[in-house]
Amino acid sequence: MDDPQALGNRKTEHIRINLENDVRSSLTTGLDRLHFVNQALPEFDLADVDTSLILFGKKLAAPLLISSMTGGTPEAGRINLCLAETAQEKSIALGLGSQRTALENSAAVKSFQVRRAAPDVLLFANLGAVQLNYGYTIDHCRRAVEMVEADGLFLHLNALQEALQPEGDTRFGGLLAKIEQVCKALTVPVIVKEVGWGISGETARLLAAAGVAAVDVAGAGGTSWSQVEMHRMKDPRRAAIAAAFRIWGIPTAEAIRQVRQLEPDLPVFASGGLRDGIDVAKTVALGASLAGIAGPFLKAASQSQEAALALAEDIITEMKIAMFASGAVNLAALKNTSLVEN
């Protein structure tokens, strides 16, 4: 198990690498090949467009999630606070980064505690699912939720990233049964998410049977954590191995389709390479309940609160205009809107 200092240093490295380097996947999300059919006569006003929804008992102004990114260091704490204030002002959801650092080092707890700045936000705690094979228990999951007063818990799956890290935790055997135990024991919904390589339909079927409340497909096309790990490598051979996986993963659009096909009743969160409100609208049209964006918010929050707020506002505005121009007055209509592929 890593010591708390090593974990903190890794979090700092991850932020720096994401901000300073091109760590995008060589794959595209697949959303770029999908297009709405323009409706020249929508027969309603732009002001009539309603992007609101209720999810897990919380009302959101739009199906937008500031996806899990960071925590555990003073800089990460500043970023999380900025993102929480943004989520509160725009009435959107927020996912925190992995709280493992805070469970193993009390000094890191403060960097995750943003509820005071976001009292009304749909807020998700976060732990690596594989830690359930390294001594973590249901109590650790409960503590992560209580620590931040979360409305739900993300358990993230990052098998490829762990395999590439020299210090990676790679014992994934028997993990499904432990995820099921967590789902049964916690009083808040448990959502299983990938970190950028996608969840297949088959995996979603297993997770649905285990009792998860939703899956976040986190498909390929955005940040590639194999590229992030490549930039961390001191050994050129290990760096080359990590670089080989830049084209790995299930594109986001394909992951959504697979999950919807095999598990039509399982709520889907869509993240992985989404860049604007048109992408958000496309994922909802494909069947997603919530769309997550990470990288652009990290960059904006590192600049200023104003930049993060402007980004959120622009994404929501773009989504409303896309709905207006495709003839969808609300999210129910958007889910029934056809996309054409070029």
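All of the numbers you see were taken from the coordinates with simple rules; none came from a lab. Every value quoted in this text rests on a predicted model; they were computed, and no experiment measured them. Here Cβ is always computed from backbone atoms with ideal geometry, including for glycine, and neighbour counts include all displayed protein chains.
A compact table of results
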quantity	calculated
Long-range HN-HN contacts of residue 330 with modeled amide H, under 5 Å	50
Amide H within-cut-off set for residue 70, under 5 Å, with H built and near neighbours excluded	97
FRET efficiency estimate (nearest 0.05) - Cβ-Cβ, residue 171 to residue 209, R0 22 angstrom	0.50
Lysine pair count for the chain [Cα-Cα under 16 Å; pairs on different chains or 8 or more apart]	9
Calculated from backbone phi, Karplus (6.51, -1.76, 1.60) coupling profile of the stretch 253-266 in Hz, x at Gly/Pro	4, 5, 4, 4, 4, 4, 5, 5, 6, 8, 9, x, 9, 8
Cα gyration tensor, the stretch 262-328 - rounded (a/c under 1.5), prolate or oblate	oblate
FRET efficiency for residue 106 and residue 329, using Cβ-Cβ distance with R0 set to 35 Å, rounded to 0.05	0.10
Rg followed by Dmax, in Å, when the stretch 4-341 is reduced to its Cα trace	18.9, 61
Extension reserve of the residue 185-residue 134 stretch, reckoned as 0.36 nm per residue once the Cα distance is removed	16.5 nm
In sequence order, calculated HN-Hα J values of the stretch 333-340 (Karplus, 6.51, -1.76, 1.60; Hz; x Gly/Pro)	5, 5, 5, 9, 8, 7, 10, 9
Share antiparallel - DSSP beta bridges, the stretch 4-341, percent rounded to 5	20 percent
For the stretch 153-162, Karplus couplings with θ = phi - 60° (6.51, -1.76, 1.60), whole Hz, Gly/Pro x	10, 8, 10, 9, 10, 9, 4, 5, 4, 5
Approximate spin-label separation residue 61-residue 313, in nm, with each point projected 7 Å along Cα-to-Cβ	0.9 nm
Length gained when the stretch residue 52-residue 39 is fully extended (0.36 nm per residue, less Cα-Cα span)	2.5 nm
